[in-house]
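Below is one structure; the comments refer to it alone.
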Amino acid sequence: MPAIPAIKTLRDIQQIEQTPLAERNLPASTYELIRRSAVRQPDAPALSFILQGTADEAAYRLTYGQLLGKINQTANAFHRLGLRPGKAVSFLLPNLPHTHFTIWGGEAAGIVNAINPLLDPEHIAELIQASDSELLVTLAPFPGTDLWAKVEGLREQLPNLKAIICVDMANLLPEPQRSSLKTQRGPLPDGVLDFDELIAGCPDDHLESGRVIAPDDIASYFHTGGTTGTPKLAPHSHGNEVAMAFSMNLVTDFAPGDVTLCGLPLFHVNGVIVTGLTAFIGGAEVLLATPQGYRNPNLISNFWAIIERHNVSFFSGVPTIYAGLLQVPSKGYDLSSLKYALCGAAPMPVELIRQFESKTGLTLIEGYGLTEGTCGSSANPPAGERRAGSIGLPMPYCEVAIKVLDEQGNYLRDAAHNEIGNLCIRGATVFKGYLQTSKNAGIWVDDNWFNSGDLGRVDADGYIWLTGRSKDLIIRGGHNIDPQMIEEALHKHPAVAMAAAVGKPDEKAGELPVVYVQLKPGAQASEAELLAHAAEHIPERAAIPKDAWIIEAIPLTAVGKTFKPALRFDAIARVYQAALAELDQRLRVEVLSDDKRGQVAHIYLPAGQTALADAVSQRLGGFAVAIELHPAE
């Protein structure tokens, strides 16, 4: 078998793919993947954890042999409770070692269903029911957490659960704090099993089920569709996840001795696959950086000290994380262990990339992926040219193509170089459709390509560029927000005739939700009143709009649908105009469609104002939407 080259160009990827994936001797399952690494290096560090996020904190650490033992025990405990292949165990947990035990032990015994702990109880119940889960793993009552309170209120709504298993974070505390907290709290709620006690009674050296897992067996469900709106469950097979880890590691090149810091949540494919299974296939160590991950202010304020102390070589984040880390001094820390960092989930402003790399000396790799593709589909090559603003080259064995569709979403033809169309993916990492079959209408084009809903183009060298979204999701700090929830809430207001929600640019979050409102004839309502109404009727805090802009008429297409591109352009113009008013009241902003970049903000300024032009570029450099400067007419 030919050697695998370092990826520099599209030609290297094509050379790798000359060897079919079936000839790569990949493990058949995620369980077998971890088992192979444990057999190869049983005493190497595999998983470590810090609870507080302080610089001098000692880590809880497991070797590969110990991690496999915990996974065996967890799988056996689930099996004893009745979990079988094809049935699911849901988990509602922060980032803990037990979360990894649950994920991989659950996949060995049945199917794992990941749930976002930030969802409201009704959404949580809906996901547990949709996945047909028989077991639930969650957090025992613990100061500063609300997960048990959410679950306790749902127990009567979930009669199909055979057992609820609680991870007791008190067990992670040193004495005497551990005993003191347990005494103060009292025993666990009636009918609830203690995770640590449960698995302690199970063997750690084999699977009692004797299960032989096939690559096509379903391993997990990950929900997509954002923190609001009707959730869709995307099933991933063991083959999907193993192929993704293998492909991803051809880019990240994790090896024994590397340490990957996990700050993104383990209910999301990025945290599970990039800083999880991909590290395990390479024999690297995963550092779980506090239960809250990047949401823990201690982790952010001590970030560079933690990098130095734990010799971290890689981490993954979203643009908001990098914007926050720019405010944390890194001078004086030894960051030589860092190879690079990965950014995905939302467009990364080019200026933010430049500032971050200049400050830290770290190489920042932009990538792209989605839940339906198991995680990543493209990335800028670390060993090759990184084109700022591009999402890079397709990952090996992850096919990416731009398809031109008609207004009904039907396939017309493949796009030419630099022609904008719908970004579509297929290959070993792409799922076979949502669990709820009603969600599968129109998701496939040109036979078996998944339509991502994103718009993009591919240049002559194979680099992919996003130019917009044909779907309407608002991406706030890497979290998807369905605008329909916002619109439905506003439509409940008696004065509202029409409402349309879009994202407005934001330097920290990438986008923030805003809503445009058309009032009924003769009706009156203030923008403050509409915002208060939205806050009262939208259950997810992240989805509450930051602005409610009353306009004379919502723009419509020829067939009467809301024409959101016009509203997105207006939102961009409003934000940019407000930002530039600080510099010069004469500056004018016009946002137009662009064949290659999707949307561009054209800034008109007085001729000969070089200093002002520089100031404009600097002021708008933190936003993701491209700008062009022009002399005013």
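General remarks:
- For F280, F356, the sequence from fewest to most other C-beta atoms within 10 Å is F356, F280.
- Once C-alpha pairs closer than 8 Å and six or more residues apart are averaged by separation and normalised to the residue number of the range 474-553, the relative contact order reads 32 percent.
- The range 360-413: GluC sites (Glu not before Pro) in DSSP coil with no more than 13 other Cβ atoms inside 10 Å: E385, E407
- Across the range 474-553, Cα-Cα distances exceeding 15 Å account for 49% of all pairs.
- Ratio Rg/Rh [Cα only; Rh per Kirkwood] for the range 117-197: 1.00
- Helix-only mean residue ellipticity at 222 nm for the chain, each DSSP H run of n ≥ 4 adding -39500 (n - 2.57), per residue, nearest 500: -8000 deg cm²/dmol
- Per-selection Rg to Rh, the chain - Cα, Kirkwood hydrodynamic radius: 0.96
- Put in line by how crowded their Cβ is, counting other Cβ atoms within 10 Å and starting with the fewest, L233, L173 read L173, L233.
- In terms of the mean number of neighbouring beta-carbon atoms within 10 Å, the peptides 151-163, 67-79 order highest first as 67-79, 151-163.
- In plain terms, the residue of M244, M348, M498 with the fewest other Cβ atoms within 10 Å comes first and the most crowded comes last, giving M498, M348, M244.
- Contact order, relative form, for the chain: 11 percent (alpha carbon pairs under 8 Å, 6 or more residues apart, mean separation divided by residue count).
- Set of lysines near K546 by C-alpha distance (under 19 Å), chain-local residues within fewer than 8 positions excluded: K492, K504, K508, K564
- Taking one quarter of the surface of the convex hull spanned by the alpha-carbon atoms of the range 566-631 gives a direction-averaged projected area of 4.2 nm².
- Magnitude of the charge dipole for the range 566-631, about its Cα centre and with charges confined to Cβ atoms of Lys, Arg (+1) and Asp, Glu (-1), is about 100 debye.
- Debye intensity ratio I(q)/I(0), log10, the range 1-121, q values 0.17, 0.19, 0.22 Å⁻¹ (C-alpha model): -0.99, -1.05, -1.15
- Gained length - L118 relative to R185, 0.36 nm times residue gap less alpha-carbon distance: 21.8 nm
- Descending semi-axes in Å of the range 71-159, equivalent ellipsoid built from Cα gyration tensor: 21, 15, 10
- For the range 296-363, the spread of Cα positions along the three principal axes, ordered from largest to smallest, is 31, 24, 18 Å.
- Rounded to 5, percent antiparallel among DSSP beta bridges of the chain: 55
Values quoted throughout were computed directly from the atomic coordinates according to the rules given, and no laboratory measurement underlies them. Here the structure is a predicted model, which is why all the values come from computation and not from measurement. Note that each Cβ is placed from the backbone with ideal geometry, even for glycine, and that neighbours are counted across all protein chains shown.
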